[in-house]
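The values are calculated or read from the model by the stated rules, or taken from the named source; none is laboratory data. Everything quoted here is computed from the prediction, not taken from an experiment. Backbone-built Cβ (ideal geometry, glycine too); neighbour counts: all protein chains shown. Accessible surface is based on the protein model in full, side chains and every heavy atom, while ligands, DNA and RNA are left aside. Shrake-Rupley method; radii C 1.70, N 1.55, O 1.52, S 1.80 Å.
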Amino acid sequence: MSGLPAPLADLIARGRSGSGPIVVLTGAGISAESGIPTFRGPEGYWTVGSTHYRAEELATFAAFSQMPEEVWAWYLYRRSGCRQAEPNAAHRALVTLEAALGDRFLLVTQNVDGLHPRAGNSAERTYAIHGNLDLRRCANECGAPIAPFDAPALDDWAKGRALTGAEAALLRCDRCGGWLRPHVLWFDECYDEARYRFDSSLRAAHTADLLLVIGTSGATNLPNQMCETVHARGAPFVVLNRDPSPFSRLAEASEHGVFAPGDAASALPPIVAALTAPG
């Protein structure tokens, strides 16, 4: 475990020695290093007519119900930025970790950018608890399945551009004719198991031999529950983030936790190397 501080190396050794899952929880910080702006940063704002909306106002079913074309334009712009980004060294390190651990590995991500699957993490061991911008589903809940976003004409979206009638038609459900919507969890919606793996994520927190938290500020409910559960169990708990956060403070308050400040792309590969070292 050379190269890691002793407290971190000890927690990694404890995680390695068990037989339960090693759970990785990722947030926007891991993708910021690929050039994707954080959700609540300046690029999260959007202008409709003369009104300036915050992300928290647009990312709601209520807003979509009132102005679906405008909400779609914002999401198409966000998706275009995600499509232009490339997985970084931290994403690739998690692919290495999954390959080494097999079924002991579980990735729980808040990110909707699709970089984890593009890097090579498997769908079976990845819980996208806030959805994925590369998927869409019927807003009317007509029974049409969640499906890949397949509309090349909408792939490269300029900021401020409005949908034409022909483009809006590409966002209609083939089964019922209603609006499709991005497959994402909106602020006025609740987690569930079928779409967002809520129960499965909590079960993983109850059995994890190690929780590795990367690049998340602790602003959403399910990640908070997971971290509180692992903390209460006294299981190894490592937080890797650029800045202090509620999660880093929770880790520092635990004799079984460590806060490792730093950028994920540079700080995560040595941790993965320690987790996957022979012996």
Can you list the residues, at least 5 places off or on another chain, whose amide H is less than 5 Å from the amide H of Thr26, using H built in the peptide plane? Val108, Thr109, Gln110, Ile214
Take every DSSP beta bridge with both residues inside segment 152-274 and express the antiparallel ones as a percent of the total, to the nearest 5. 10 percent
How many Å² of accessible area per residue for the chain, probe 1.4 Å? 44 Å²
How tilted is helix 68-84 with respect to the longest principal axis of the chain? Cα atoms for both, answer in degrees (0 to 90, nearest 10). 50 degrees
Any chance you could give the angle, 0 to 90 degrees and rounded to 10, that helix 221-233 forms with the longest Cα principal axis of the chain? 10 degrees
For the chain, give me the percentage of DSSP beta bridges that are antiparallel, rounded to the nearest 5 percent. 35 percent
Taking segment 174-279 and dividing mean pair separation by its residue count, relative contact order in percent (alpha carbons under 8 Å, at least six apart): 19 percent
Segment 55-186: antiparallel DSSP beta bridges as a percent of all, rounded to 5: 75 percent
If you build a Gaussian network model of the chain, linking Cα atoms that sit under 10 Å apart, which residue out of Pro152, Pro87, Pro269 swings the most? Pro152
Taking only Cα atoms of the chain, radius of gyration then Dmax in Å: 19.5, 62
Full extension between Leu202 and Ala277 adds, at 0.36 nm per residue less the Cα distance, a length in nm of 24.2 nm
Going by Cβ distance under 4.7 Å, what cysteines of the chain have no possible disulfide partner? Cys82, Cys190, Cys227
Quick shape check on segment 67-148: root eigenvalues a ≥ b ≥ c of the Cα gyration tensor, a/c under 1.5 is rounded, otherwise prolate if a/b tops b/c, else oblate, and it reads oblate
Give me the number: length gained by fully extending Ser80 to Arg249, i.e. 0.36 nm times residue separation minus the C-alpha to C-alpha distance, one decimal in nm. 57.4 nm
Run the numbers on the chain and let me know its relative contact order in percent, using alpha-carbon pairs under 8 Å that are six or more apart. 26 percent
Leaving ligands, DNA and RNA out of it, report the carbon-plus-sulfur percent of the accessible area of the chain at a 1.4 Å probe. 52 percent
Beyond 26 Å, what share of the Cα-Cα pairs of segment 1-148 remains, rounded to the nearest whole percent? 38 percent
Give me the distance between the Cα centres of segment 59-113 and segment 183-237, rounded to whole Å. 16 Å
Please report, to two decimal places, log10 I(q)/I(0) for segment 115-240 at q = 0.10, 0.20 Å⁻¹ as given by the Debye formula with identical point scatterers on the Cα atoms and no solvent. -0.43, -1.22
